[in-house]
1. Which residues' amide hydrogens lie under 5 Å from the amide hydrogen of GLU60, considering only partners 5 or more residues apart or on another chain, with H built in the peptide plane?
2. Given the protein chains as shown and a 1.4 Å probe, how many square angstrom of MET33 are accessible, to the nearest 10?
3. At 1.4 Å probe size, put VAL44, VAL34 in order of accessible surface, largest to smallest.
4. How large is ³J(HN,Hα), in whole Hz, for each residue of the stretch 63-78 in order, when computed from phi with the Karplus curve 6.51 cos²θ - 1.76 cosθ + 1.60 and θ = phi - 60°, using x for Gly and Pro?
5. Would you compute, from DSSP H runs of 4+ residues alone, the mean residue ellipticity of the chain at 222 nm, taking -39500 (n - 2.57) per run and dividing by the full residue count, rounded to the nearest 500?
6. Pick the calculated Cα extents along the principal axes in Å for this structure from (1) 106, 25, 15; (2) 35, 31, 21; (3) 56, 30, 21?
7. May I ask which residue of HIS49, ILE59, THR22 lies farthest towards the positive end of the charge dipole of the chain, with charges of +1 (Lys, Arg) and -1 (Asp, Glu) on Cβ and the Cα centre as origin?
8. Give the ranking of SER56, SER72 by solvent-accessible surface, highest area first, calculated with a 1.4 Å probe.
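The values are calculated or read from the model by the stated rules, or taken from the named source; none is laboratory data. Just so it is clear, the structure is predicted and the values come from calculations on it, not from any experiment. With ideal geometry, Cβ positions are generated from the backbone for all residues, glycine too; neighbour counts draw on all protein chains shown. We work out accessible area using only protein heavy atoms, side chains counted, and drop any ligands, DNA or RNA first. Shrake-Rupley method; radii C 1.70, N 1.55, O 1.52, S 1.80 Å.
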Amino acid sequence: MSMTDLLNAEDIKKAVGAFSATDSFDHKKFFQMVGLKKKSADDVKKVFHMLDKDKSGFIEEDELGFILKGFSPDARDLSAKETKMLMAAGDKDGDGKIGVD
């Protein structure tokens, strides 16, 4: 399964392009732009598992920096600042990783 099986390819392209500048990433806007906000919980979990590159059941900080590449292979990496901000937003229990829930 690929990301475009769940999300519109044009939406992904627009969202990745909108945050192409370093330190411009806004996870809430990005996820809205790619259409995740309109997806079922089951589809969101499928996307999560595609982004979980090591298949650990969690997205750790080292994986998080490459999250845009999970949507589009030619996308940029997140900066250290963006990665930390995204981790802080998603790591609800402070264990240094983001779970599917």
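1. HN-HN under 5 Å from GLU60: ILE98.
2. MET33 exposes around 80 Å² with every protein chain in place.
3. Listed by decreasing accessible area, they come as VAL44, VAL34.
4. Running phi through 6.51 cos²θ - 1.76 cosθ + 1.60 with θ = phi - 60° gives 6, 4, x, 10, 4, 5, 5, x, 8, 8, x, 8, 6, 7, 7, 6 Hz.
5. Taken over the chain, the calculation gives -13500 deg cm²/dmol.
6. Structure-derived value, by its label: (2).
7. So the residue we want is THR22.
8. In descending accessible area the options line up as SER56, SER72.
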